[in-house]
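All remarks here apply to the structure that follows.
Computed from the coordinates by the stated procedures, all read-outs in this text should not be read as laboratory data. None of these values were measured; they are calculated from a predicted model. Glycine also receives a Cβ, built like all others from the backbone with ideal geometry; neighbour counts cover every protein chain displayed.
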Amino acid sequence: MFDRVLLIEDLQGNFIGNCKLGTPDNDQKAETDVKINPKFWGNKFGQEIKHGLVDYFFTKTVVQIVEASPNLKNNASILMQESVGAVKIKEFTYEFPEAMKSYTETVNGAIYHLYKDEWLKKSCNVASQTNAEIEKNFYAQLPTKRVGAGALFFLDDKILLLKPTYKAGWTIPGGVVEANESPYVACIREIREEISLNIESLKLLAVDYRPAEGVQTEFIHFLFNAGQITKKQANQIVLDKKEISEFCWASIDDAKNLLSPHLAKRISPAMLALNENRAVYLENGLPI
């Protein structure tokens, strides 16, 4: 049961990671280590595995203390320890032997402990929760993504561009999808707020997933086709001056030069989808 490494796979046989079960010392303290396949990073699998490992130690063995020693640079590993309620006991510095220093660097880590009594007490509290509370807590731990929606308006062979007051460059009608709002409803709302047009229907052109980049979190953008509008409708456009300073009608090529790089990348595949009367799924602006 101890001093072994367990390989973790999903139901399809894909390798997710491995975990180590250390032998308890005289104080009934055992060390654990969880490593996740980079392919599955960001899914909180490490926290799930750590939870199961700790629960096994405390309910099936004599272990009284579970120990882990993550690198201080490894934020995911530290979050893993904190997710099960482990507390940091101390920090340490490890230097490799002189013969290895040419190809290694000093490791700054921390020792985390989790105690059986506290774990079992917490487990009892969880056991007393109602199904509704358990479900609420489960969904609260799931990752969240930003969602946006925008629309292409056509006047002959040109599309409508807006110049926002709160950022540089040009964009298209649309904006952030609010809580408990669908992308479709959000797009119609943003169109009404930004350019004062009441649109009754939209058709999906593209969905683009953009991974996290710098301070920007993951983002999913729904791009809709608002269709051709008449010159009379175009003359009825009234801008929300707090958010939009001006608008223009631009050719497809000009639009791709004026729009932000991320939005510009969506235009070509979206136009191809429009011509083929279908929708397209994108990742970082590229068809999948």
### Summary
For the stretch 97-170, listing trypsin sites (Lys or Arg not before Pro) in a DSSP loop whose Cβ sees at most 10 other Cβ atoms within 10 Å gives Lys167
### Query
Roughly how tilted is helix 183-195, in degrees to the nearest 10 and between 0 and 90, from the longest Cα axis of the chain?
50 degrees
### Query
Setting aside same-chain residues fewer than 8 positions from Lys256, which aspartates and glutamates have a Cα under 15 Å from its Cα?
Asp157
### Query
Which one, [x] 196; [y] 214; [z] 170, gives volume of the Cα convex hull per residue in Å³ as derived from the coordinates shown?
[y]
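When only Cα pairs under 8 Å and 6 or more residues apart are kept, what is the percent relative contact order across the stretch 146-287?
RCO, the stretch 146-287: 32 percent.
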### Query
If you put +1 on each Lys and Arg Cβ and -1 on each Asp and Glu Cβ, how big is the dipole of the chain around its Cα centre, in Debye rounded to 20?
460 debye
### Message
Between the stretch 151-187 and the stretch 94-118, what is the separation of their alpha carbon centroids in Å?
### Response
50 Å
### Query
Cα gyration tensor of the stretch 4-140, axes a ≥ b ≥ c as square roots of the eigenvalues: rounded (a/c below 1.5), prolate (a/b > b/c) or oblate?
prolate
### Summary
Among Phe222, Ala86, Ile16, the residue whose Cα sits farthest towards the positive end of the charge dipole of the chain (+1 at Cβ of Lys and Arg, -1 at Cβ of Asp and Glu, taken about the Cα centre) is Phe222
### Summary
Relative to the chain, whose Cα atoms define the longest principal axis, helix 116-127 and its Cα axis are tilted in degrees, nearest 10, by 40 degrees
### Query
What's the center-to-center distance, using Cα atoms, between the stretch 1-77 and the stretch 233-278 in Å?
50 Å
### Task
Quick one: of Lys50/Lys90; Lys39/Lys121; Lys145/Lys265; Lys242/Lys265; Lys39/Lys116; Lys116/Lys136, which pairs are farther than 24 Å apart, Cα to Cα?
Lys39/Lys121; Lys242/Lys265; Lys39/Lys116; Lys116/Lys136
#### Entry: Angle between the chain longest axis and helix 261-275 axis [Cα atoms, degrees, rounded to 10]
60 degrees
### Task
Rounding to the nearest 20 debye, state how big the charge dipole of the stretch 4-140 is about its Cα centre with +1 on each Lys and Arg Cβ and -1 on each Asp and Glu Cβ.
140 debye
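At most 13 other Cβ atoms within 10 Å and a DSSP loop assignment: could you name the trypsin sites (Lys or Arg not before Pro) in the stretch 190-261 that fit?
Those that pass, being in a loop and sparsely packed, are Lys241, Lys242.
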### Message
Can you give the longest run of the chain that contains no chymotrypsin sites (Phe, Trp or Tyr not before Pro) sitting in a DSSP loop with at most 13 other Cβ atoms inside 10 Å?
### Response
42-165
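Given the rule -39500 (n - 2.57) for each run of at least 4 DSSP H residues, summed and divided by the residues of the chain, what is its mean residue ellipticity at 222 nm, to the nearest 500 deg cm²/dmol? Show your work: numbers first, answer last.
On the way: 8 runs with 87 residues, N = 288.
Only helices count here, giving -9000 deg cm²/dmol.
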### Task
Kindly identify the stretch 214-288 as rounded, prolate or oblate by the Cα gyration tensor criterion: order the square roots of the eigenvalues as a ≥ b ≥ c, call it rounded if a/c is under 1.5, otherwise compare a/b with b/c, prolate if a/b is larger, else oblate.
oblate
### Message
Could you tell me which residue out of Asn131, Phe96, Leu7 lies farthest along the dipole of the stretch 4-140 toward its positive end? Charges go on the beta carbon: Lys and Arg +1, Asp and Glu -1, centred on the Cα centre.
### Response
Asn131
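Using Cβ contacts closer than 10 Å as the measure, can you line up Met100, Met80 from fewest to most?
Values: Met100 9, Met80 25.
Ordered by Cβ neighbours within 10 Å, fewest first: Met100, Met80.
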## Note on the structure
For the stretch 164-264, the Cα gyration tensor yields equivalent-ellipsoid semi-axes (√(5λ), largest first, whole Å) of 22, 17, 15
